[in-house]
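Peer 1: Can you read through this structure? Questions will come right after.
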Amino acid sequence: MDELIQDFIDETFETLDALGGELVAWEANPSDAERLDNIFRFFHTVKGSCGFLNLPRFERLSHSAEDALSKLRDGSLEPSADLVTAILAIVDRISKLTSALSSGDALPDGEDQEVIVRLVEACSGTVSGALEKAKAMPEPGQVTTDSHPQTRAIRIPLDLIDHLMNGVSDMVLARNEVARKMRDGGDNQAMNGAFERLSTCIADMRDMIGKTRMQRIERVFSPLPRLVRDLNAELGKSVTLSTNGSEVEMDREMLEMIRDPLMHIIRNAIDHGIESADERSEAGKSSEGHLSVNARQSGNQILIEIADDGRGIDADSLMTQAVAAKIIRGSECAKLDEQAKLNLIFAPGLSTARNVTSISGRGVGMDVVHANIKRIGGSIDIENKPGHGLKITLCVPLTLTIISCLTVQCGDSMFALPRSAVQEILQADNRQIKVERLGGTDIASIRGMKVPHVTLEEILGLDEVDGGKAENRTVIAIDAGPKQNYALSVASVLDHEELVIRPCPPLLMENGLYAGTSLPDNGRPMLLLDPGGMAAKLDINTQAELSILQSDDTQNSAKDTISVLLFKDMEKRARVINLGVIERVEDIDAERVAFSAGQMRVSCGDGTRPIFGLKQVPDSENIKTLILSDGDAAIYYAIDDIVDIFPMDTEFEKAAEPGLVAGVTMVGGQQAEVIDAYWIFARHASGSTVSSAASRPRCRVVGGDDIWARHILAPLVEAAGYELVADGKEGSAADIYITMEDSNDTGVLPAGAPVIRLASNRAGETETGDAIYRYDREALVEALSKNLKQRKSA
Amino acid sequence: MNSLYLIATMAGEDIAIAADKVESVVKVRDIVPVPSVNSYVRGLFALRSRVLTVIDSSHFVTGKPGKVHDAHMAVVTQVAGHFYGLLVDSVQDVCTAESTESDLPANLRGMWREIGTAMLLVDGKTMLVVDPARFVEAEFTKAA
């Protein structure tokens with residue numbers, strides 16, 4: 001009998017949540033007979049089971065609901081908001097009774113009658129007041145939920161599944177041991193084949209058992225329509241809800257963890273995200289607000305988006321409040337970017353609600369949501385469109401039990417570090433990191449960012465590290481949360497693997513350093529470190545100053561050094577060049593290189609690009625080149641080989657005269673010439689075909705569309721930086737005109753346009769005074785370039 | 001009274017542990033130390049796929065670290081969903097008690113008072129009944 005009652009309780013609980021949603025959905029669309037049938041069936045089942053189990057109170061409640069529903073089904077009763085509310089009250093009552101039944105508490109009888117009476121009144125429609133009240137209430141929200149056909153299922157106690165999981169883990173470990181023994185025992189083909197099969201089976205089994213822990217997110221989504229309806233009624237708002245992706249599956253424990261944060265965000269959205277109907281129409285939006293909740297899987301993470309079309313967050317007012325609540329100092333405000341301002345919403349003790357309501361805005365909330373999500377290894381992302389809505393994305397791992405980890409060495413032991421907190425892994429001898437002693441602690445500068453530096457041995461209270469090996473260590477940049485950045489130095493990083501994590505016994509949790517235990521395939525237990533706990537032990541969450549300091553520092557350090565590439569040129573001389581001007585490194589075919597038109601050129605498609613660093617075409621098949629770019633022109637630089645990339649001081653010894661080599665710097669005790677990229681471009685870029693013709697000023701030769709103009713004058717004009725446009729085309733306006741002194745086409749010249757007149761002989765030059773003899777190259781080029789300069793300065 | 005007790009030697013003294021609180025008795029080797037926790041926590045030990053927290057019961061009682069040798073005997077017990085291994089000097093037998101549990105004298109020394117719950121007559125000898133959960137919880141209450 002007890003077992004039957006337990007089954008009844010489980011079943012009832014499970015359906016109750018979904019039932020609320022069904023009712024609200026049906027209210028929005030009363031013609032949906034199938035939904036009504038579902039609801040009816042639930043009450044009918046409850047009534048049936050109650051009679052059998054001798055639970056008269058359940059029977060009375062479900063009977064009254066069934067009564068009302070059957071009237072609705074045969075059409076003798078019209079659905080109304082009041083009626084639905086009354087049925088929902090019955091649902092609530094049944095839910096309360098069920099919990100009382102499962103905990104063995106007694107529940108007073110009186111209220112049963114009350115809800116039944118209310119339902120009967122609603123049915124008979126005698127209470128006209130109720131109907132009016134119903135009309136005054138906002139229109140019920142339109143609800144769209146996707147429903148799924150039921151799959152066959154049985155109920156299994158969680159214990160049994162946990163046992164199964166343990167069993168499978170044992171099997172995996174036993175398999176690993178067998179594998180080790182087999183490796184030691186030499187080759188045995190027949191054994192190996194059989195062992196492979198066994199391994200595959202065990203792996204499959206492990207996956208399947210893992211799946212038994214998964215549950216549809218529907219479990220969390222199904223009570224949402226009810227929640228939204230209740231909030232609508234309470235706050236006098238009209239918000240519709242749509243959910244999507246309820247078939248997404250995640251670990252059941254994880255589901256429990258996201259339930260409260262999700263509810264909280266929805267309450268927030270309806271309470272102060274979405275405006276009242278009046279405000280909405282003023283802002284030119286539809287009077288009905290909309291809220292959408294979507295879930296989807298992305299890799300081994302689940303993304304849950306909660307988007308509303310309300311007023312969004314006023315980041316500046318948020319900041320003002322944060323200052324008022326002494327969360328940040330006024331002086332810090334200017335340094336915050338938009339996202340940092342928004343993130344203030346997660347600070348404890350801050351509320352955006354203008355009025356505290358019973359639903360939200362008590363200042364406890366988003367910080368708790370953030371903490372909860374963070375604790376399960378997730379993150380929250382806010383996308384704010386002021387005036388148009390807010391989208392909050394919860395990003396949580398698929399399961400609590402399998403975490404992507406780095407394994408690190410410390411003394412003789414291995415520890416795991418959750419990958420989600422790791423920002424960057426650096427070798428201690430990397431030039432990007434510098435550790436300094438400051439007031440008894442260590443500070444690390446990583447790319448100009450200053451963070452506390454600590455060794456794992458120090459945190460764990462183990463013996464001091466052997467000083468001589470410091471440069472062989474690895475530094476892990478950790479981001480354990482806002483203002484919880486630090487650099488953790490470990491003896492070495494061993495691996496990156498997915499670990500099954502079990503909760504830690506309280507005895508080991510006390511110090512706050514460990515978040516769980518794991519048993520990797522080698523069979524030696526390993527502890528999972530808690531990056532947040534370690535931060536707390538370091539007492540670094542109070543170090544707000546340090547993070548402010550870093551932004552200035554980044555700029556300074558950027559000024560002091562530049563990244564340069566060290567290479568050997570064709571004569572094997574060590575040279576360095578600013579990394580920024582290198583577009584890419586390319587091995588080119590030696591056949592593409594030729595000495596033509598006074599310099600070495602590389603054929604590229606239809607044209608050529610200059611290449612330098614080559615005296616002649618080498619014998620080898622390929623030439624290694626650096627392709628330099630100033631964003632516009634591209635130049636090839638032939639080199640022998642690339643050596644290294646390192647940060648170079650911008651101060652170096654300058655060469656006596658400007659040229660290809662700007663100066664000399666020391667690299668590891670050797671001299672290296674510093675290449676002047678500016679000089680290269682100044683020298684070579686003018687001839688490159690990269691600068692586009694369209695951007696050049698246009699020159700039109702009027703009345704000169706003859707062989708001389710096209711073939712003899714044109715190259716000169718183009719070399720001076722102009723584009724020659726064809727004569728005679730209508731509308732081909734130009735920036736400068738060249739006209740023959742003896743031509744009669746002066747009528748086409750626009751008034752005021754710059755004109756160069758050419759004389760066909762020396763005599764013509766003197767007659768008019770301003771004409772240029774057509775073979776006076778220097779004068780012509782000067783006239784053209786003078787005009788070009790005027791244009792540029794204009 | 002026919003309840004069963006596991007008789008073991010702990011810190012040189014014979015004690016009794018109610019058999020229903022004992023999962024198994026195992027030999028532990030290759031204990032992985034856990035830094036920065038209570039010194040009587042010896043480390044972690046993998047018993048098949050379970051991870052046991054190994055407690056040096058002698059250290060707990062006497063305050064001095066006990067000598068742990070290879071294949072040391074440990075009593076495996078489960079407290080609040082977690083598994084623990086209590087290191088004991090040796091394990092004698094599983095016996096039926098000859099008396100019911102009776103109240104302890106008030107003058108027990110030191111930590112014995114924390115772990116002992118009653119005394120009992122087994123095999124003609126009076127023994128302290130030890131509750132394995134106390135090793136875990138005593139520290140808990142102290143810390144709180």
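The values are calculated or read from the model by the stated rules, or taken from the named source; none is laboratory data. Bear in mind that the values here come from a model prediction, so they are computed numbers and not experimental data. Every residue, glycine among them, receives a Cβ derived from its backbone with ideal geometry; neighbour counts consider all protein chains shown.
Peer 1: Quick check on the stretch A:427-456: of everything there that is within 30 Å of residue A:522 (Cα to Cα) and surrounded by fewer than 19 Cβ atoms within 10 Å (Cβ to Cβ), which residue is farthest from the chain's Cα centre (by Cα)?
Peer 2: A:428
Peer 1: Among the residues of the stretch A:439-450, are any assigned by TED's automatic domain parsing to the domain that holds residue A:473, in contact (Cβ under 8 Å) with a residue 24 or more places away in the chain and of a type in the set (S, T, N, Q)?
Peer 2: Yes: the stretch A:439-450 contains one or more residues that are assigned by TED's automatic domain parsing to the domain that holds residue A:473, in contact (Cβ under 8 Å) with a residue 24 or more places away in the chain and of a type in the set (S, T, N, Q).
Peer 1: Another question about this same structure. Identify all residues within the stretch A:512-528 that are farther than 22 Å from residue B:28 by Cβ and within 11 Å of chain B (Cβ to nearest Cβ); write none if there are none.
Peer 2: Matches in the stretch A:512-528: A:512, A:513.
Peer 1: Further, regarding this structure: Among the residues of the stretch A:32-86, which ones are without any contact (Cβ under 8 Å) to a residue 12 or more places away in the chain and within 21 Å of residue A:228 (Cβ to Cβ)?
Peer 2: A:32
Peer 1: Condition test on residue B:43, is it at positive phi, in a strand (DSSP E or B) and within 13 Å of another protein chain (Cβ to nearest Cβ)?
Peer 2: For residue B:43, the condition - at positive phi, in a strand (DSSP E or B) and within 13 Å of another protein chain (Cβ to nearest Cβ) - is met.
Peer 1: Picking from B:75, B:68, B:88, B:54, which residue would you name as being touching a strand residue (DSSP E or B) at 6+ places or on another chain (Cβ under 7 Å) and within 13 Å of another protein chain (Cβ to nearest Cβ)?
Peer 2: One residue alone meets the criteria, B:54.
Peer 1: Tell me yes or no: at least one residue of the stretch A:49-70 is under 45 Å from the mean Cα position of the chain (by Cα), not assigned by TED's automatic domain parsing to the domain that holds residue A:231 and not in a helix (DSSP H, G or I).
Peer 2: no
Peer 1: Consider residue B:96 against the criteria (1) at pLDDT below 90; (2) within 13 Å of chain A (Cβ to nearest Cβ): it satisfies all of them except one. Which criterion is unmet?
Peer 2: Answer for residue B:96: the failing condition is (2).
Peer 1: Are any residues in the stretch A:610-629 surrounded by 14 or more Cβ atoms within 10 Å (Cβ to Cβ) and either part of a strand (DSSP E or B) or small (Gly, Ala, Ser) (or both), and if so, which ones?
Peer 2: The answer is A:610, A:611, A:612, A:613, A:623, A:624, A:625, A:626, A:627, A:628, A:629.
Peer 1: For the stretch A:557-575, does any single residue satisfy the condition of being under 30 Å from residue A:644 (Cβ atoms), small (Gly, Ala, Ser) and modelled with pLDDT under 65?
Peer 2: yes
Peer 1: Shifting gears a bit: Select from the stretch A:370-400 the residues that are among the aliphatic types (A, V, I, L, M) and closer than 30 Å to residue A:288 by Cβ and write down the one among them that is surrounded by the fewest Cβ atoms within 10 Å (Cβ to Cβ).
Peer 2: Going residue by residue through the stretch A:370-400, those that are among the aliphatic types (A, V, I, L, M) are A:371, A:373, A:376, A:380, A:382, A:390, A:392, A:394, A:396, A:398, A:400.
Now drop any that are not closer than 30 Å to residue A:288 by Cβ, which leaves A:373, A:380, A:382, A:390, A:392, A:394.
On the way: A:373: 20, A:380: 20, A:382: 16, A:390: 24, A:392: 24, A:394: 21.
Applying the filter and picking the extreme gives A:382.
Peer 1: Looking at the stretch A:482-500, which of the residues that are crowded, with 18+ Cβ neighbours inside 10 Å and at pLDDT below 80 is nearest to the other protein chains (Cβ to nearest Cβ)?
Peer 2: Looking at residues that are crowded, with 18+ Cβ neighbours inside 10 Å and at pLDDT below 80, I get A:500.
Peer 1: Going by the structure shown, is residue B:126 within 14 Å of chain A (Cβ to nearest Cβ) and in a strand (DSSP E or B)?
Peer 2: no
Peer 1: Quick one: what pairs do we get from the stretch B:53-70, first residue under 17 Å from residue B:137 (Cβ atoms), second at pLDDT 85 or above and surrounded by fewer than 12 Cβ atoms within 10 Å (Cβ to Cβ), C-beta under 8 Å, 6+ apart or different chains?
Peer 2: From residues that are under 17 Å from residue B:137 (Cβ atoms), there are no pairs.
Peer 1: Kindly evaluate residue A:272 against the criterion of being within 19 Å of residue A:370 (Cβ to Cβ) and surrounded by fewer than 24 Cβ atoms within 10 Å (Cβ to Cβ).
Peer 2: yes
Peer 1: Same structure, new question: Output the number of the condition that residue A:196 fails; it satisfies all remaining conditions of (1) at pLDDT 80 or above; (2) surrounded by 13 or more Cβ atoms within 10 Å (Cβ to Cβ).
Peer 2: The one condition residue A:196 does not meet is (2).
Peer 1: Looking at (1) farther than 17 Å from residue A:499 by Cα; (2) of a type outside the set (Lys, Arg); (3) touching a helix residue (DSSP H, G or I) at 6+ places or on another chain (Cβ under 8 Å); (4) within 14 Å of chain B (Cβ to nearest Cβ), which is the one condition that is false for residue A:412?
Peer 2: (3)
Peer 1: Yes or no: residue B:55 modelled with pLDDT of 85 or more, touching an Asp or Glu at 6+ places or on another chain (Cβ under 9 Å) and either of a type in the set (Asp, Glu) or part of a strand (DSSP E or B) (or both)? Break it down into steps so the answer makes sense when it comes.
Peer 2: Details: modelled with pLDDT of 85 or more: yes; touching an Asp or Glu at 6+ places or on another chain (Cβ under 9 Å): no; either of a type in the set (Asp, Glu) or part of a strand (DSSP E or B) (or both): yes.
Judged against the criteria, residue B:55 is not a match.
Peer 1: Within the stretch A:198-205, is even one residue touching a residue at least 40 places away in the same chain (Cβ under 8 Å) and within 14 Å of chain B (Cβ to nearest Cβ)?
Peer 2: No, every residue in the stretch A:198-205 fails to be touching a residue at least 40 places away in the same chain (Cβ under 8 Å) and within 14 Å of chain B (Cβ to nearest Cβ).
Peer 1: Among the residues of the stretch B:27-40, how many are assigned to a strand (DSSP E or B) and more than 9 Å from chain A (Cβ to nearest Cβ)?
Peer 2: In the first step, residues of the stretch B:27-40 are kept if they are assigned to a strand (DSSP E or B); the result is B:27-28, B:32.
Those left that are additionally more than 9 Å from chain A (Cβ to nearest Cβ): B:27-28.
The qualifying residues number 2.
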